[in-house]
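The values are calculated or read from the model by the stated rules, or taken from the named source; none is laboratory data. Everything numeric in this text was worked out from a predicted model, so none of it was measured. Note that we place each Cβ from the backbone using ideal geometry, even for glycine, and neighbour counts take in every protein chain shown. The accessibility values were calculated without ligands, DNA or RNA, using every heavy atom of the protein model including side chains. Shrake-Rupley method; radii C 1.70, N 1.55, O 1.52, S 1.80 Å.
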Amino acid sequence: MRRFLSLFNVVTLALLLVSAYAYEVVQRPPALPTPPKLELSERRAVKVTVYYPDTQVQNLRAVQRTVQVTEENPTALAQAAANAWAQGPAGSGTGLLRAVPQGTAAPRVYLRGTHYYVDFPQAYTGLNYGASGERMLLCTLTRTLLDKRGQDVTFLVGGQMTDTLGRMDLREPYTRQDCTDR
């Protein structure tokens, strides 16, 4: 009769148990990563100058607005100013008009060096303003962005370069001098 607990049988049994354990370890699903903790940034109130057209749509009027930002870098300040511009003037008795209809989304603002890029949503092409209204739309935003810094503003529509917005030529960037009061 052969011995059941021979050296060969003991080593084989140990190898079988180790391989079964290794197979079970490999088949386990990976541990889920822990999600990062949400860190709320403190918002700070910053004053920006926002331009709106007067009731005759002839002149630009500057208004100091307080906006909330989490960072005080030029891009965040420019986007906050564009959001305030799209919201319109605060109060109804100011003698100023909104540059865009209420509920219209604010354009996205990007900064590269000293050049601003404003990406209008596609809805801005259907505003059907007259020539003076379209000029005020572009000039109020240009003066708002170039109030403290920047050289010029290039306008895009839907993320693409375009030649015109209504009757206004968008092939060249707008500067402060393009939008002086009459």
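Side notes on the structure shown:
- Single unsatisfied condition, Arg108 versus (1) farther than 22 Å from Thr55 by Cα; (2) open to solvent by less than 40 Å² (accessible area, probe 1.4 Å); (3) at pLDDT 95 or above: (2)
- Scan the stretch 91-137 for residues that are farther than 17 Å from Met161 by Cα and assigned to a loop (DSSP other than H, G, I, E, B) and the total you get is 21.
- First in the stretch 1-27 and without any contact (Cβ under 8 Å) to a residue 40 or more places away in the chain, second anywhere and in a helix (DSSP H, G or I), Cβ under 9 Å, 6 or more apart: Arg3/Asn9
- Residues satisfying the criterion are absent from the stretch 91-98 (criterion: loosely packed, with under 14 Cβ neighbours inside 10 Å and over 21 Å from Val63 (Cα atoms)).
- Matching residues, the stretch 52-68, being farther than 16 Å from Ala81 by Cα, surrounded by 11 or more Cβ atoms within 10 Å (Cβ to Cβ) and not hydroxyl-bearing (Ser, Thr, Tyr): Asp54, Val57, Gln58, Asn59
- Among the candidates Leu77, Leu96, residue that is within 14 Å of the chain's Cα centre (by Cα) and not small (Gly, Ala, Ser): Leu77
- Of the set (1) part of a strand (DSSP E or B); (2) surrounded by 15 or more Cβ atoms within 10 Å (Cβ to Cβ); (3) among the β-branched types (Val, Ile, Thr), all apply to Thr140 but (1).
- Residue in the stretch 40-48 that is part of a strand (DSSP E or B), closer than 24 Å to Gly133 by Cβ and open to solvent by 70 Å² or more (accessible area, probe 1.4 Å) present: no
- Top-ranked residue in the stretch 27-59 [being more than 28 Å from the chain's Cα centre (by Cα) and among the aliphatic types (A, V, I, L, M); ranked as farthest from Arg176 (Cα to Cα)]: Ala31
- A single member of Gly95, Gly113, Gly103 is touching a Ser or Thr at 6+ places or on another chain (Cβ under 8 Å) and on the phi > 0 side of the Ramachandran plot, and it is Gly95.
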